[in-house]
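Working notes for the structure below.
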Protein chains: 2
Amino acid sequence: MSETQARRPATVADVARAAKVSKAQAARALGGYGAVSEAVRQKVLDAADALAYRPNALARSMNTGRSQTIGVVIGDVENPFFGLATRGLSDTLRDQGYDVVLANTGERPDVEQDAVRVMLDKRVDGLVVSPASSASTDHLRTFLDSERPLVFLDRLIEGLDVDAVTVNLRGLAQQATQGLVSLGHRRIGFISSITAPTSGYSPDLALTNSSVAERLGGILDACREANIVVDPAWIQLNAHTPSAVAAAVEGMLSSAERPTALIASDSVVGLEVLTTLRRLGRAVPSDVSFLMFDDMPWSSLVSPPISVISQPAYDMGVVAAKTLLERLAGPRPTAVHHVLEGQVIHRDSVSVPAALSTSN
Amino acid sequence: MSETQARRPATVADVARAAKVSKAQAARALGGYGAVSEAVRQKVLDAADALAYRPNALARSMNTGRSQTIGVVIGDVENPFFGLATRGLSDTLRDQGYDVVLANTGERPDVEQDAVRVMLDKRVDGLVVSPASSASTDHLRTFLDSERPLVFLDRLIEGLDVDAVTVNLRGLAQQATQGLVSLGHRRIGFISSITAPTSGYSPDLALTNSSVAERLGGILDACREANIVVDPAWIQLNAHTPSAVAAAVEGMLSSAERPTALIASDSVVGLEVLTTLRRLGRAVPSDVSFLMFDDMPWSSLVSPPISVISQPAYDMGVVAAKTLLERLAGPRPTAVHHVLEGQVIHRDSVSVPAALSTSN
């Protein structure tokens with residue numbers, strides 16, 4: 001979307017001015033989309049002819065002619081966290097007359113790059129993205145070059161000064177882990193579907209998903225406070241299929257220094273951890289304590305009810321939508337970062353570690 | 001998108017022919033989207049000038065210049081059934097080089113009408129829709145008028161001869177209900193989030209969602225076979241919020257002729273039914289038997305594990321994508337309706353009715 005021509009072509013704004021119609025009407029008539037009267041259409045086309053307006057200027061001129069469409073690029077349509085956030089976004093944007101177009105990346109950076117390019121092609125007025133990885137940002141910079149607003153949901157990218165809506169996950173993870181430590185847990189496992197170069201963890205590994213990095217950071221903060229030396233084997237990444245989650249859980253629990261508590265990084269991973277524990281005949285919490293990020297309707301229906309770190313997913317969508325709408329209403333000097341509060345909800349899946357009596 | 005001009009304007013195909021480039025290249029150069037070399041761009045723009053090509057012909061000419069984008073309009077992004085089906089669609093379409101753009105209707109016909117219009121505006125090459133209602137079809141007919149393929153997922157609309165992928169829900173519902181009847185149940189409740197003029201049911205009510213109509217039809221078939229006279233109060237529609245589900249369950253269970261078994265029309269409703277039963281202190285299955293449509297990872301984790309009517313959601317998405325790809329490859333004489341097989345999975349949420357000993 002960068003300017004490569006020396007001669008400045010006529011824009012939709014130029015055509016609208018010459019035709020004495022609004023930019024939105026001119027954009028609709030020139031783009032062949034939306035409702036526009038025949039009289040307006042003819043005035044716009046005559047003005048376009050007179051100015052030698054060229055159709056390929058259309059994409060470039062979309063800063064002025066709005067499509068009333070917002071793009072939303074989410075990480076995983078199967079994760080109910082994103083389902084809820086998407087509804088919050090859609091409810092708020094529709095109230096203001098915007099249509100919402102979604103794309104799902106499945107947490108794959110290459111799919112996200114395609115999705116953002118498609119959103120540019122489809123001339124959205126603004127974009128909400130849960131970036132799959134902070135390692136590749138060219139597609140996001142290209143979108144920003146189009147001078148349309150971009151809002152990050154759930155995740156940040158260092159170096160990209162963009163409006164964002166997140167939750168205080170580091171503090172919540174620390175608080176939940178402190179709870180485990182206070183019960184006597186010294187070996188705490190963490191399982192995430194985040195893509196990483198290796199499934200195993202090493203302290204110098206740079207996580208490219210800020211939301212997962214915050215969760216893990218809070219766990220490690222609490223361990224450090226308690227002088228716990230964390231075994232990298234207790235941190236399992238790349239668990240993005242049921243079999244990968246099963247392998248991670250089985251691997252951790254079959255070692256001599258096995259974790260006495262497991263934390264799942266989201267409810268989709270959490271379901272697979274619970275399924276694996278049941279298959280292995282490991283009871284929660286008498287054999288292993290368990291908690292997870294995100295509170296879902298089933299969390300309190302399973303036996304035992306699951307302790308969770310709850311995020312206000314719907315509200316995150318609402319705030320992201322409002323932030324985008326404010327940007328569309330006019331420029332603001334600096335990026336705004338909204339940090340919403342979540343909470344640790346104690347149910348019955350956490351207890352004193354069994355290992356205190358059976359090993360160590 | 002109907003033709004209103006007498007004079008036939010130059011199309012992208014005309015410009016491509018004159019410029020001696022492919023239609024896809026011409027479309028990209030004229031539309032200002034996608035990658036195209038400067039040499040091709042200049043040839044196309046010169047040809048467009050010579051033919052007096054007008055930009056607003058762009059939308060109309062998209063039958064020939066493909067955008068390599070498929071639109072998917074789903075009923076409820078929060079229902080994991082659609083999450084799975086969407087992944088099946090996306091995996092298959094991406095393998096063939098197509099990007100996928102999603103829209104969520106929340107099962108609202110007005111939102112669906114907007115979504116289909118947006119997909120037209122965004123020039124998708126084809127569309128997959130789970131129609132929210134068979135009562136309004138103008139937007140779908142408008143899409144078909146654009147001569148791009150349309151595939152229905154999960155639902156049919158009588159009178160619209162469109163490719164479709166569904167599951168044999170009527171047979172499955174009948175089979176599951178026969179199972180209840182054989183255990184002695186004579187009062188069977190059904191709860192659905194489908195929008196209907198009234199929450200209560202009457203036999204002459206025309207359900208506008210074929211997928212829910214099939215589920216209910218199968219239940220009523222089995223009741224008819226067993227000479228059960230169905231009380232309309234046992235059929236609760238419009239349960240599309242947690243409080244509406246709760247009210248439906250409470251209403252049914254507080255009546256003298258209360259159902260001894262409940263069937264939820266999907267897993268989202270099912271979760272709310274179970275939550276309500278727990279709150280009311282009604283045990284499953286000793287107080288009331290329960291089963292639901294859709295098998296989710298949590299179904300076998302809750303206590304007791306839930307009997308379900310399972311649909312191959314991922315495969316439905318795959319088949320819908322393949323059907324669309326075949327249409328894009330060339331015309332076929334008649335619409336194809338793929339009916340996939342689901343299965344009734346027996347777990348522990350169904351038993352002999354408690355009412356046999358406590359009432360009646």
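Just so it is clear, none of the values below were taken in a lab; they were calculated from the coordinates. These numbers come from a predicted model, not from an experiment. Using ideal geometry, Cβ is built from the backbone for each residue, glycine included, and neighbour counts are taken over all protein chains shown.
A Förster distance of 25 Å, applied to the separation of the beta-carbon atoms of A:S303 and B:A354, puts the FRET efficiency at 0.75.
Counting, for every residue in B:71-77, the Cβ atoms of other protein chains within 10 Å of its Cβ and taking the mean gives 3.
If you plug the beta carbon distance of B:Q343 and A:L183 into 1/(1 + (r/R0)^6) with R0 = 45 Å, you get a FRET efficiency near 0.55. Of the residues B:R66, B:R123, B:R224, the one that moves most in a GNM of chain B with alpha-carbon contacts below 10 Å is B:R224. Applied to the stretch A:340-346, the Karplus parametrisation 6.51 cos²θ - 1.76 cosθ + 1.60 on θ = phi - 60° returns per-residue 3J(HN,Hα) values of 8, 8, x, 8, 8, 10, 8 Hz, with x for Gly and Pro. Near B:H337, the amide H atoms lying under 5 Å from its own belong to B:A164; only residues 5 or more places off or on other chains count, and H is placed 1.01 Å from N. Spin-label pair A:R224-B:A135: with each label point 7 Å from Cα along the Cα-Cβ axis, the two points sit 6.0 nm from one another. Amide H contacts of B:L262: B:G189, B:S289, B:F290, B:L291, each under 5 Å away and 5 or more positions distant or on a separate chain (H built 1.01 Å from N in the peptide plane; Pro and chain starts excluded). Taking label positions 7 Å along the Cα-Cβ direction at both A:S286 and B:A39, the computed distance is 7.7 nm, reported to one decimal. A protection proxy built from the mean count of other Cβ atoms within 10 Å ranks the segments A:327-340, A:240-253, most packed first, as A:240-253, A:327-340. With the charge dipole of the stretch B:252-325 set up from +1 on Lys and Arg Cβ and -1 on Asp and Glu Cβ about the Cα centre, the Cα lying farthest toward the positive end among the listed residues B:L325, B:P297, B:M252 is that of B:M252. Relative to the other identical copies, B:A226 shows label-point distances of 5.3 nm, where the label point lies 7 Å from Cα along the Cβ direction and values run shortest first.
Near the amide H of B:G126, within less than 5 Å, lie the amide hydrogens of B:G71, all on another chain or at least 5 residues away, with H placed in the peptide plane. Inter-copy label distances for B:P242: 2.7 nm (label point placed 7 Å from Cα along Cα→Cβ; shortest first). Taking only the C-alpha atoms of the protein assembly as shown, the Rg (one decimal) and the largest Cα-Cα distance, Dmax (whole number), read 27.7, 88 Å.
Taking B:L102, B:L160, B:L274 as the candidate residues, the one with maximal mean-square fluctuation in a Gaussian network model of chain B, Cα springs under 10 Å, is B:L160. Rg/Rh, computed from the Cα trace of chain A with Rh as the Kirkwood radius, has the value 1.10.
Can you say what percent of the DSSP beta bridges in the protein assembly as shown, counting only those with both residues inside, are antiparallel? Round to 5. Once the DSSP bridges in the protein assembly as shown are tallied, antiparallel ones form about 10 percent. Residues considered: B:D315, B:D114, B:D95. Largest GNM mean-square fluctuation over chain B, using C-alpha springs under 10 Å, is found at B:D95.
Semi-axes of the equivalent ellipsoid of the stretch B:50-193 are 37, 16, 13 Å, computed as sqrt(5λ) over the eigenvalues of the C-alpha gyration tensor in descending order.
Coupling constants for the stretch A:303-308 follow from the phi torsions by the Karplus curve (6.51 cos²θ - 1.76 cosθ + 1.60, θ = phi - 60°), and in residue order they are 10, x, x, 8, 6, 9 Hz; glycine and proline get x.
Using only side-chain charges placed at the Cβ, +1 for Lys and Arg and -1 for Asp and Glu, the dipole size of the protein assembly as shown relative to its Cα centre rounds to 1620 debye. Non-local lysine pairs in the protein assembly as shown, meaning eight or more places apart or on different chains, with alpha-carbon distances under 28 Å, amount to 24. Over the protein assembly as shown, dividing the summed -39,500 (n - 2.57) contributions of all DSSP H runs of at least 4 residues by the number of residues returns a 222 nm mean residue ellipticity of -12500 deg cm²/dmol.
With its label point put 7 Å out from Cα toward Cβ, B:N168 sits 5.6 nm from the same residue's point in the other copies, in order from shortest.
Take each residue of peptide B:114-120, count the partner chain Cβ atoms within 10 Å of its Cβ, and average: the result is 4.
Taking Cα atoms only, the orientation of helix B:210-225 departs from the longest principal axis of chain B by about 30 degrees. Once a ≥ b ≥ c are taken as the square roots of the eigenvalues of the Cα gyration tensor of the stretch A:192-299, is the result rounded (a/c under 1.5), prolate (a/b larger than b/c) or oblate (a/b not larger than b/c)? It comes out rounded by the Cα gyration axes. Converting phi to 3J(HN,Hα) with the Karplus coefficients 6.51, -1.76 and 1.60 and the offset θ = phi - 60°, the stretch A:276-281 yields 5, 4, 5, 4, 7, x Hz in sequence order, with x at every glycine or proline. The distance from the alpha carbon centre of the stretch A:94-129 to that of the stretch B:207-279 is 37 Å, rounded to a whole number. Mean per-residue shielding of peptide A:37-49 is 1, counting Cβ atoms of other chains within 10 Å of each Cβ.
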